[in-house]
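Have a look at the structure below before the remarks.
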Amino acid sequence: MAYETLYRKYRPRKFADVVGQKHVVRAIQNAIASKRIAHAYLFCGQRGTGKTTMARLLAMALNCEKGVSPEPCGSCFACQSIVKGSAMDVVEIDAASHTGVDAVREVIIERVSFLPAALRYKVYIIDEVHMLSTAAFNALLKTIEEPPPQVVFVLATTDPHKVPATIRSRCLRFDFHPISAKDITQRLIFVLENEGWQGRFDPAAASLIARAARGALRDALTMLEQAMNFADEKITVDLVRSLIGVTDDEFLSRLVTALREGDIPNLWGLVSEAVETGRDLHQIAHDLATYLRELLNYKIGVYADETEERISLLQQQSELFSEYELMRLIRSSWELERDLRTATDAQLVLEIGLLNMAMILKAMGEVPARGEIPAEKTEVTPAVTVPQPSRQVVETVAPSTTPAPQPATTPPPQEELSGLDYIRQHWEIFLEQLKRVSMVAYSFLLNAEPTDLQDNQLVLTFQHTFSYECVNDRNYRETIEQCLQEVFNMPGLKIKPTLSAQIAQPIVGTPVDASSPVKTTPTQQREVDTEEYLASLFDD
Ligand SMILES: Nc1ncnc2c1ncn2[C@@H]1O[C@H](COP(=O)(O)OP(=O)(O)OP(=O)(O)O)[C@@H](O)[C@H]1O
Ligand SMILES: [Mg+2]
Ligand SMILES: [Zn+2]
């Protein structure tokens, strides 16, 4: 017997065998049961999710020798010939290779009025229908609108937007969903057991394939077949990983844990391990981004249809982070992915990228994140990300640098913070935000400190002449001001850059005393070391 690929062998012969797509199955079965059969259907959805399969099942249901039925028998001659694709009356046309009007005329229009040769209904399945030319669509329009009785059209497409509205409006449309990883895993396990692999496969390997297939069951079955061909004894996670290059959960979870712990040696160890075991580093960054997104989804309650094991992993790991931290990490991992695309030394870029992510986490741990300022410190106004001082407080108290005396016993309520204190307290949050807007502007402010606030003008004292001069550039200045206004909700707030009095301008020709200790200011205590700065460059 001729060799049959797995995905063809396991094409469902019954509606009950269709994986997922329950909404489509139910609607079609109900329509058949109540004899309300439309004459044109439009099946939309990504490849490999069952469109052609469903079209054939519909053809079987209409033509089964046991009668028109919501569940065809699958074994009679009509059913068998449809499953195999050999039924004369079920015409499958690949629009990608028959795009022109002539093909449509020849194959469909001229023959559509002939009675079915052997079956009850003639079914035309037009795959990738969006590839038809405009002339071909126009020629088809009339036929689709009023086909002869006993003719049913099924148009399938991965790109419904490219199907003209005139055609779409004449069809009953069904949208096929990507199939969940859980459903795909179950199907793969069913296939494995059926193919005699009981006890010789690791279920985690099946679920790794399922995730790599991204909703397409055909892809999953093709990958499984590849794994079966390569496996000597057993289908393991390692085998699948090396075959299809995806990163397994075990590796990703180790990576994420090391990020959380800020364990740089471990992180870099993982990168070396990846290099030594021949993993694709770009793929790791991609899979890390996906994994982090899954953690975030889990955290905010958007649960994917996953196996129990995976759900418990997602739960465990999502507890390591706040939502905000995850959002930040996801962004960094996208940037890392982008940087890797053009990197000449992928290992270095991956290492620095991970280091950067670990540092972001560390910095966020030190500063309350936006929207996560502890309630006991400040009153968080619900919708806004940063608690806002009342304008009144800013205006009345701002000019004074000494806060109004408080009764000794009660701690000063937050509302009475001066505008300047308020800004200083949330300065890190502002910097985080600025970093997102402009990495360069952010880097200038790393050695500046807000020192005064008067008449809606924030005095920024700089420790370096270079940064000071740069900030005076209008573009950077405006960026900084805009960001300040947004973060602190202080419209019209301007900045006034000044140079720290402690900076003696080196006179040209005078050697600078390198040994003299640099005066440390609160801002400098942020530990802006070269490594962080270098790493931060990868962040934008
Ligand atoms: N929902 C599903 N249930 C069961 N098997 C499926 C399903 N979707 C896909 N398959 C498997 O994948 C194979 C290909 O599916 P099918 O041809 O129906 O996909 P399709 O949506 O038409 O894809 P394309 O857009 O590439 O034409 C089937 O033979 C079957 O083995
Ligand atoms: Mg198809
Ligand atoms: Zn039958």
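FYI, it's all coordinate maths here, none of it is from the lab. Nothing here was measured: the structure is a model prediction, and the numbers come from that model. Note that each Cβ is placed from the backbone with ideal geometry, even for glycine, and that neighbours are counted across all protein chains shown.
Going by how many other beta carbons lie within 10 Å of each one, how would you line up Arg47, Arg279, fewest first?
Values: Arg47 14, Arg279 21.
Lowest count first: Arg47, Arg279.
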Exercise. To the nearest 0.05, how large is the calculated FRET efficiency for Glu4 and Thr277 if R₀ is 45 Å and r is the Cβ-Cβ distance?
Worked result: 0.85
Exercise. What list do you get for Phe466, Phe430 if you sort them by fewest beta carbons within 10 Å?
Worked result: Phe466, Phe430
For this session: With an 8 Å cut-off on Cα pairs and a minimum separation of 6 or more residues, tell me the relative contact order of the stretch 181-244 in percent.
Result: 38 percent
For this session: Find the relative contact order for the stretch 6-175 and round it to a whole percent, using C-alpha pairs within less than 8 Å whose residues are 6+ positions apart.
Result: 30 percent
Exercise. By the gyration tensor of its Cα atoms, with a ≥ b ≥ c the square roots of the eigenvalues, what is the shape of the stretch 279-332: rounded for a/c under 1.5, prolate for a/b over b/c, or oblate?
Worked result: oblate
For this session: Determine the distance separating the Cα centre of the stretch 349-364 from the Cα centre of the stretch 60-91; give it in Å without decimals.
Result: 59 Å
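Please sort by residue number the chymotrypsin sites (Phe, Trp or Tyr not before Pro) in the stretch 58-141 whose DSSP state is loop and whose Cβ has at most 15 other Cβ atoms within 10 Å.
Working: sites: Phe77, Phe114, Tyr121, Tyr124, Phe137; in loops: Phe114, Tyr121.
In loop regions of the stretch 58-141 (DSSP not H, G, I, E or B), the sparsely surrounded chymotrypsin sites (Phe, Trp or Tyr not before Pro) are Phe114.
Charges at C-beta only: +1 for Lys and Arg, -1 for Asp and Glu. How large is the resulting dipole of the stretch 254-366 about its Cα centre, in Debye rounded to 20? Intermediate values should be presented prior to the final figure.
Values: 11 positive and 20 negative charges, 58 e Å.
Computed about the Cα centre, the dipole is about 280 debye.
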Problem set entry | Whether the stretch 181-244 is rounded, prolate or oblate, judged on the alpha carbon gyration tensor where a/c under 1.5 counts as rounded | oblate
Exercise. What order do you get for Val191, Val240, Val68 when you list them from fewest to most C-beta neighbours inside 10 Å?
Worked result: Val68, Val191, Val240
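Classify the stretch 6-175 as rounded, prolate or oblate, taking a ≥ b ≥ c as the square roots of the eigenvalues of its Cα gyration tensor: rounded when a/c is under 1.5, otherwise prolate if a/b is larger than b/c and oblate if not. Each step should come with its number before you reach the end.
Numbers: a/c = 1.56, a/b = 1.32, b/c = 1.18.
Prolate.
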Exercise. Normalised by the residues of the stretch 254-366, what does the relative contact order come to in percent, with Cα pairs under 8 Å and at least six apart?
Worked result: 40 percent
